[in-house]
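Taking it in order: structure first as structure tokens, then the write-up.
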Number of protein chains: 2
Amino acid sequence: MRITGGSWGALQHLNAEAIIDHCLNWMERIGWVRNFDRIARTASGPHDGIEFVDSEVYKLLEAMAWELGRNADAALEARYTALVRRVAAAQDADGYLHTSFGHDGQRPRYSDLEWGHELYCAGHLLQAAVARLRTGHDDELVSVARRLAEHLWNEFGPGGRDAVCGHPEVEVALAEFARATDEPRYLELAKLLLERRGYRTLGTTLFQGSDYFQDDVPVREAEVLRGHAVRALYLAAGALDVADETGDDALADAVEAQYRRTVERRSYLTGGMGAHHQNEEFGEDYELPADRAYAETCAAIGSVMVAWRLLLRTGDPHYADQIERTLLNAVLVSPRHDGRAFYYANSLHQRVRTHPHADDELSERAEASMRAPWFEVSCCPTNVARTLASIAGYVATAHDDGVQLHQFAAGDVRTRLDAGVLALRVETAYPRDGVVRVTVIEAPDAAVGIALRVPAWADGATLADRGVPTSAAPGMANVHRVFAPGDELVLTLPLTPRYTQPHPRVDAVRGQLAVERGPLVLALEDVDLPQGVDVEHVELDAAAPPIATDDGAEVTLRIRVDPDLPAVAADEIRARLRPYKDWANRGPSTMRVWIPMAR
Amino acid sequence: MRITGGSWGALQHLNAEAIIDHCLNWMERIGWVRNFDRIARTASGPHDGIEFVDSEVYKLLEAMAWELGRNADAALEARYTALVRRVAAAQDADGYLHTSFGHDGQRPRYSDLEWGHELYCAGHLLQAAVARLRTGHDDELVSVARRLAEHLWNEFGPGGRDAVCGHPEVEVALAEFARATDEPRYLELAKLLLERRGYRTLGTTLFQGSDYFQDDVPVREAEVLRGHAVRALYLAAGALDVADETGDDALADAVEAQYRRTVERRSYLTGGMGAHHQNEEFGEDYELPADRAYAETCAAIGSVMVAWRLLLRTGDPHYADQIERTLLNAVLVSPRHDGRAFYYANSLHQRVRTHPHADDELSERAEASMRAPWFEVSCCPTNVARTLASIAGYVATAHDDGVQLHQFAAGDVRTRLDAGVLALRVETAYPRDGVVRVTVIEAPDAAVGIALRVPAWADGATLADRGVPTSAAPGMANVHRVFAPGDELVLTLPLTPRYTQPHPRVDAVRGQLAVERGPLVLALEDVDLPQGVDVEHVELDAAAPPIATDDGAEVTLRIRVDPDLPAVAADEIRARLRPYKDWANRGPSTMRVWIPMAR
């Protein structure tokens, strides 16, 4: 799949033109790249940033690698190559690579497995190398990764340290690197690290128990995702890869059950996961406060990684629905429209207006207020960059006799089926428009299948073949026949805005409704309300259905009697809701996804 | 006021017989007392516990001092004296006293003002000395406190370090110690420390900003309490004491306005304060999740301290109402019925059953599940102990020509008015019963006033004088006449259970009702529901009024259709609610204060 336009094309363009550049400039400015030069002794001074800032450089390298695979821009190639060279120069002779452990004046290697993030960082380097290998390059970065993987094998493999890293990530990275390099030892190491976890070997603190690290229960025995959300989701992704490669269906089934329960009971309407600011953790089942939603951008990306693996495993289109919900709401809310500021935590409810962050301000922590240019812990911007750069990988799959389009992205799909090459062009302005047009460019002269996902919300969808529309129920709409170049399939998804009821057990939003339109969660911002009225002053007239507007919906609101509120002319108003992902792009505002119903 | 029986008498008995003993035994066992011996070189080994465990010993000394003032038990006196001796032996020659700074192998004094808690601990020692002075003793502990206060004056007074402590407490302690010793320099130091705060001089971290320490805005300029709740409330209490002693009405008015807004918008039905586990902080206005209520026991005690000072300042009975609400719900929920386990955080909603803690288990952190015998950070048990021991101090006040009974405690009140001695006996089984009988024991032969608080909830209250009841509106019911021994006033407060609506801006409990009875918030526990039904499976039939039972109320519940729920015979049941303060005394349970209304 190659994305050539549409909304995803625009986002990939933004990534290439702004986000990658923004991330690299910040990491140069605040010394996170220079950390590698210090180890290589081409720069001096103390290490900058916390223990895991290397991983941000690696995630950016991964983003660059995917982007170069999409568009071999010479200037980007030069920046990538220069950055790889600086990273490579910091690698120790035995393959170890980390800028804050194991060198003069630093703590010894692996002396703080709970918090040191050494294997976590290594994992992200391997992921960058995977991106390079998957886009057809076996370059210096891949060599660095091979040496690092060998070091990890020697250090943590059979007979080595009987230990795990406080932050899972290396498991999924090793499994992917094993696939990309065809080296079974890396898979074996991933499996070992996975199986060692859950026996409370990581030291706990006053605030972080074993569940924080998913070290409380072995992954195959757990019932639900718990603890630190990003850790839990990365671990689940790794477990699914190991299960897939080793044929361990029991492990895959266990993780699938955990993820299903998590989606059902521990995730937000946006797809966001992680209800607690404290420890960036999941809460209990149905504990989903809108205002204190942590819903970290990285957790949403982790959830997409898990759902993608389950989609590959099961073919169940609900996982593609979940990927879409998460990407279009919980992930895409993170970058500002100019790609130069990001949300880390993604609240669904902002009660007070806050101040924007200055362009050169390093933010102290994850605030659910305005997007920030950069953070002391800045995992999310580079995670957004690598996800956008690799988004084409989540769009389509192929079986022996057909292709499946899971996401709606404008571009070209080309694959070799048993019967021959099938090439398609997809044209769509989705999600702004519900029409997805698939034109056959090249087809075998045997019958093959072209399947398109019909999202669960798409009541009344139709799929037209040879110009004849037929009703398409949620699930996969599959057309299996002999196709000829020029044949068209047109999927039409109705984008009528709709009210969404919360689950009755979610206390936090009881008596409230959300408005969704197609795959987009909408939000109310006070910049769309009369002067002086904020989102706390209104209630929704649920008897009036939401009416489609160009980018969202219009609803009827009643203004609540409130001593804080200055006199307003009308007690009933019409107000526009716009996509949640776009909120806070017009200056500070108050915002609600869930709106109380008028009684 | 001397408490002789009733519910407060029983709690003071529990404190004397169990809680004080429990605290001392734990602190001996885990080395927190031994820390003093180590400084005195009568014991060896490293310091045990975090930096502020000295304060727990001091709060226990304060509890012992108040308890000895109530009942001069020789065995307790001996334990108190021995403990004072060990503390005194650790004091440095210049008056400095702290077991984890400033000695061999320790960090230098005042090298970590943000987190070291040195002045915080000093404050608690001064408070213990105040208790001793107020109960008629000027003993070794008072001498230690004088030397320590002199040290603080030299170190932080005019011309000394221009700095404050990360955790306010020493301000209120210095002001009270100044009163008790009649030494104006201690008040001056309290004022200095207060006025220095709010200029962002304390170093912040990734997670704790200046607001956490109330160092973001000077106390007289703030609009609401914010940041770490206990810190904010202790600081407010200190500010009120300084304002009172210096006649600084502007300061007092500012703090009163902050507290009023905090009570209105940032406190729970139980009186609890602090909506965030993260940083133990206040949330935004109206951000009051029941499930993640932190509502730390110590914050509730801090709120009582502030409300008491505002009651003294204004005479407004709403502050006495707030004291009662907070004590009877947010504070009294902390100790288990046997006084040997405590809540630290006080949730209003428990979704899952958890396991009890073993009697010898040191709990890692504040969990909102079962009460724990002791914590790594164990500020709450000793705070409960000193509060219960000194509770008589919150019951009554006197003016020149009368007494005011603010809380209903069985006991004796004796005071010298301008006209002569007025002595009263108060008999009541409140809050289990609504009758408060005040008998005059001794009275001047001039007219004086006896005023009783009529709580805001007490619709239909009556006050009988000479056997003739008259209606008593919420506020103060004052009888002003010449009394004779044997005269009786009988206040009758109707204890009809009532539904309470949440504020419409509190999202977290929208569509839910609480049940209150008199001053008590009631709670539903699943141990009072049919087997297999938990509090998540029921909805309240609000059309049926709550019916009084012996200790709470009975309501009508509908069982919600839920896939998790096994078949239950009835779809409508009657269930008993009991006082919130008593929950989780019958084994693990799920619990709700706010119950969703059936539609």
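So here's what we get for this one:
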item	result
Only one of A:Ala145, A:Ala89 that is hydrophobic (A, V, I, L, M, F, W, C) and surrounded by fewer than 24 Cβ atoms within 10 Å (Cβ to Cβ)	A:Ala89
Selection count, the stretch A:269-281, where residues are touching a strand residue (DSSP E or B) at 6+ places or on another chain (Cβ under 9 Å), open to solvent by 10 Å² or more (accessible area, probe 1.4 Å) and in a loop (DSSP other than H, G, I, E, B)	1
Condition check for A:Ala300: under 24 Å from A:Arg510 (Cβ atoms) and within 13 Å of the chain's Cα centre (by Cα)	no
All helices (runs of 4 or more DSSP H) inside the stretch B:34-143 with 2 or more residues being of a type in the set (A, V, I, L, M) and out of contact with any Leu (no Cβ under 8 Å at 6 or more places or on another chain)	B:74-89, B:118-134
Matching residues, the stretch A:266-279, being touching a residue at least 60 places away in the same chain (Cβ under 8 Å) and within 14 Å of chain B (Cβ to nearest Cβ)	A:His277, A:Gln278, A:Asn279
Selected residue (only one of A:Pro545, A:Pro504 is within 14 Å of chain B (Cβ to nearest Cβ) and either open to solvent by 20 Å² or more (accessible area, probe 1.4 Å) or modelled with pLDDT of 95 or more (or both))	A:Pro504
B:Leu524 being under 28 Å from the mean Cα position of the chain (by Cα), more than 30 Å from B:Arg414 (Cα to Cα) and open to solvent by less than 10 Å² (accessible area, probe 1.4 Å)	yes
Residues that are within 16 Å of B:Ala18 (Cα to Cα), open to solvent by 10 Å² or more (accessible area, probe 1.4 Å) and either within 14 Å of chain A (Cβ to nearest Cβ) or touching a residue at least 40 places away in the same chain (Cβ under 8 Å) (or both), drawn from the stretch B:336-370	B:Arg336, B:His337, B:Asp338, B:Arg340
Residue under evaluation B:Glu376, criteria (1) under 21 Å from B:Asn71 (Cα atoms); (2) modelled with pLDDT under 95, criterion not met	(1)
Condition met for B:Arg586 (open to solvent by 10 Å² or more (accessible area, probe 1.4 Å), part of a loop (DSSP other than H, G, I, E, B), in contact with a helix residue (DSSP H, G or I) (Cβ under 7 Å, 6 or more places away or on another chain) and closer than 29 Å to B:His357 by Cα)	yes
Lone unmet requirement of (1) open to solvent by 20 Å² or more (accessible area, probe 1.4 Å); (2) touching a strand residue (DSSP E or B) at 6+ places or on another chain (Cβ under 8 Å) for A:Asp459	(2)
Some residue of the stretch A:555-573 being open to solvent by 40 Å² or more (accessible area, probe 1.4 Å) and either assigned to a strand (DSSP E or B) or of a type in the set (Phe, Trp, Tyr) (or both)	yes
Candidates B:Thr205, B:Thr201 - the one that is closer than 23 Å to B:Arg109 by Cα and within 14 Å of chain A (Cβ to nearest Cβ)	B:Thr205
Hey, B:Arg558 within 14 Å of chain A (Cβ to nearest Cβ) and over 31 Å from the mean Cα position of the chain (by Cα) or not	yes
Any hit, the stretch A:72-89, residues being of a type in the set (Val, Ile, Thr) and closer than 26 Å to A:Ala232 by Cβ	no
Residue in the stretch B:182-194 that is free of Cβ contacts under 8 Å to residues at least 40 places away in the same chain, within 14 Å of another protein chain (Cβ to nearest Cβ) and over 27 Å from the mean Cα position of the chain (by Cα) present	no
Identity of the residue in the stretch A:507-520, hydrophobic (A, V, I, L, M, F, W, C) and closer than 19 Å to A:Leu328 by Cα, that ends up nearest to the other protein chains (Cβ to nearest Cβ)	A:Ala514
Test: residue in the stretch A:521-532 that is β-branched (Val, Ile, Thr) and away from chain B (no Cβ under 14 Å)	yes
Residues of the stretch A:296-331 classified as open to solvent by 20 Å² or more (accessible area, probe 1.4 Å) and either among the small types (Gly, Ala, Ser) or within 14 Å of chain B (Cβ to nearest Cβ) (or both), total	1
Per-region count, the stretch A:4-29, residues among the β-branched types (Val, Ile, Thr) and open to solvent by less than 30 Å² (accessible area, probe 1.4 Å)	2
First in the stretch B:196-224 and open to solvent by 30 Å² or more (accessible area, probe 1.4 Å), second anywhere and of a type in the set (Val, Ile, Thr), Cβ under 9 Å, 6 or more apart	B:Arg196/B:Val164; B:Thr201/B:Val164; B:Leu206/A:Ile50; B:Leu206/A:Val377; B:Asp211/B:Val217; B:Arg220/B:Val255; B:Glu223/B:Val217
All positions within the stretch A:465-501 that are over 32 Å from the mean Cα position of the chain (by Cα), of a type in the set (A, V, I, L, M, F, W, C) and buried (at least 16 other Cβ atoms within 10 Å of the Cβ)	A:Phe483
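Okay, residues lined up against (1) within 25 Å of B:Pro289 (Cβ to Cβ); (2) within 11 Å of another protein chain (Cβ to nearest Cβ); (3) open to solvent by less than 20 Å² (accessible area, probe 1.4 Å); (4) of a type in the set (Phe, Trp, Tyr):
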{"site": "A:Asp253", "(1), (2), (3), (4)": "no, no, no, no"}
{"site": "A:Val263", "(1), (2), (3), (4)": "yes, no, no, no"}
{"site": "A:Ala290", "(1), (2), (3), (4)": "yes, yes, yes, no"}
{"site": "A:Tyr294", "(1), (2), (3), (4)": "yes, yes, yes, yes"}
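The values are calculated or read from the model by the stated rules, or taken from the named source; none is laboratory data. These numbers were taken from a predicted model, which means no experiment stands behind them. Backbone-built Cβ (ideal geometry, glycine too); neighbour counts: all protein chains shown. Accessible surface areas use protein heavy atoms only, side chains included; no ligands, DNA or RNA. Shrake-Rupley method; radii C 1.70, N 1.55, O 1.52, S 1.80 Å.
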